[in-house]
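Colleague: Got a structure for you, written out below as structure tokens; questions coming shortly.
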Amino acid sequence: MIKCAELSISFQNKNILKDVTLEVKNHLSILGANGSGKSSFAKALSGLIEYDGDITIDSQNIKTLTPNARAKLLSYIPTKLELYDKLITVEEFVLLGRFPYKESLFSYAKKDYDIVKEMLEFLSIAHLAKHTLAELSSGEQQLTLIAQALTQQSKIIIFDEPTANLDPKNSKIIAEHIKALKEEHTIILITHDLHLAAFIDSQVLFIKDKSAKLYDKEFFSDTMLEELYGVAFSNLAVRYD
């Protein structure tokens, strides 16, 4: 269970979220307008940015956790792969997910390589193991990011707009993988894609005006969406007429 108590996040002296208190028992989709604070909320959960208030996961205050302990509890997958060594291979990049478990200063254990192989096969990208990241398509890069998170074996996986840069076919592949991962992980999804959020079928956290509110299935009604977004909807799509 994730609990936030009087959580406030600021950036350059501007409040992004203010005094947010809530409890999340399971999977979650986070929605809201551009700049509303979705990614900031997720990065606070991940311990990647500073915040005021308290965040606890399974009664553990994340500010008290060591980096390795936090990595074993939670992994964060950014929107796209941006900063990386262009010569690093897929296998080498995914292996970095095992760093929190590394026993030797000099090398990874056979178990670490076995887990990497298993995850590459699970995501059907084992044939790319020796390819460099620079050689991959956007869809393949996104699957590589997921593979690294899976090798990390954290309980919670946060996806930050995982289909934002993908074509419909690759978006469908990623969506199906995310939904399947709900069987063994707690999934937190940040997205603008209402169809994706409805498909993943989790409780929704809607962020607006520096506050956040939880919704269940009623969130996806056209009436509720029009109220929250301020435009008319029809079957989860904005009406342009």
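Colleague: 7 Å from Cα along Cα→Cβ at both D54 and S124: what's the point-to-point distance in nm?
Modeller: Each label point is offset 7 Å from its Cα along the Cβ direction, giving 4.6 nm.
Colleague: May I pose another question? Suppose R0 equals 41 Å; then what is the FRET efficiency for N61 and N34 from their Cβ-Cβ distance, rounded to the nearest 0.05?
Modeller: 0.85
Colleague: Given the Cα-Cα distance of S138 and K208 and 0.36 nm per residue of separation, how much length would full extension add, in nm?
Modeller: Result for the pair: 22.2 nm of gain on full extension.
Colleague: Among the trypsin sites (Lys or Arg not before Pro) within region 68-134, which fall in a DSSP loop and have no more than 12 other Cβ atoms within 10 Å of their own Cβ?
Modeller: Those satisfying the criteria are K86, K130.
Colleague: A further question follows. Please work out whether region 168-241 counts as rounded, prolate or oblate from its C-alpha gyration tensor, where a ≥ b ≥ c are the square roots of the eigenvalues and a/c under 1.5 means rounded, while otherwise a/b larger than b/c means prolate and anything else oblate?
Modeller: In terms of gyration-tensor shape, oblate.
Colleague: On to the next question. Can you give the net charge of the other residues whose Cβ lies under 14 Å from the Cβ of T223, counting K and R as +1 and D and E as -1?
Modeller: -2
Colleague: Under the 0.36 nm per residue contour assumption, what length would be gained going from the current alpha-carbon distance of L105 and E184 to full extension?
Modeller: 25.4 nm
Colleague: Out of region 167-215, which GluC sites (Glu not before Pro) are coil in DSSP terms and have no more than 16 other C-beta atoms within 10 Å?
Modeller: Sparse-neighbourhood loop GluC sites (Glu not before Pro): E183, E184.
Colleague: To make sure I understand the rule: partners must be lysines, Cα under 21 Å from the Cα of K111, and not fewer than 8 residues away in the same chain. Which ones qualify?
Modeller: The reachable lysines, counting only those whose Cα sits under 21 Å from K111, are K72, K102, K130, K155.
Colleague: Please enumerate, by chain and number, the aspartates and glutamates with C-alpha under 14 Å from the C-alpha of K117, excluding those fewer than 8 residues away in the same chain.
Modeller: K117 reaches E91, E92.
Colleague: Okay, next question. Nearest-5 percent of antiparallel DSSP beta bridges in the chain?
Modeller: 55 percent
Colleague: Kindly rank 142-149, 6-13 from highest to lowest mean number of other beta carbons found within 10 Å of each residue.
Modeller: 142-149, 6-13
Colleague: Let me ask something else about it. Figure the gain on full extension for K72 and T21 (residue separation times 0.36 nm, minus the Cα-Cα span) and round it to one decimal in nm.
Modeller: 15.9 nm
Colleague: Got a sec to turn the phi values of region 132-142 into Karplus ³J(HN,Hα) couplings, 6.51 cos²θ - 1.76 cosθ + 1.60 with θ = phi - 60°, whole Hz, x for Gly and Pro?
Modeller: 7, 4, 5, 8, 8, 6, 4, x, 5, 5, 5
Colleague: Among S39, S75, S137, which one moves the most in a GNM of the chain with springs linking Cα atoms closer than 10 Å?
Modeller: It is S137.
Colleague: Springs between alpha-carbon atoms under 10 Å, Gaussian network over the chain: tell me which of Q153, Q60, Q141 tops the mean-square fluctuations.
Modeller: Maximum fluctuation in the GNM of the chain, among the listed residues, is at Q60.
Colleague: For region 117-241, take the alpha-carbon Rg, divide it by the Kirkwood Rh, and send me Rg/Rh.
Modeller: Checking Rg against Rh, the ratio lands at 1.03.
Colleague: Under a cut-off of 17 Å between alpha-carbon atoms, report the aspartates and glutamates in cross-link reach of K63, not counting same-chain residues fewer than 8 places apart.
Modeller: E6, E50, D52, D54
Colleague: Another question, then. Using Cα pairs under 8 angstrom and six or more residues apart, how large is the relative contact order of region 2-238, in percent?
Modeller: 25 percent
Colleague: Could I ask something else about it? Within 10 Å of each candidate Cβ there may be at most 12 other Cβ atoms; applying that plus a DSSP loop requirement, which GluC sites (Glu not before Pro) in region 83-150 survive?
Modeller: E103
Colleague: While we're here: To the nearest 500 deg cm²/dmol, what mean residue ellipticity at 222 nm is calculated for the chain from DSSP H runs of n ≥ 4 alone, each contributing -39,500 (n - 2.57), summed and divided by the residues?
Modeller: Counting only the DSSP helices, I get -9500 deg cm²/dmol.
Quick note: the coordinates plus some simple rules give every number you see, no bench work behind them. In this text, all values refer to a predicted model and were calculated from it rather than measured experimentally. In this analysis, Cβ positions are derived from the backbone assuming ideal geometry, glycine residues included, and neighbour counts consider all displayed protein chains.
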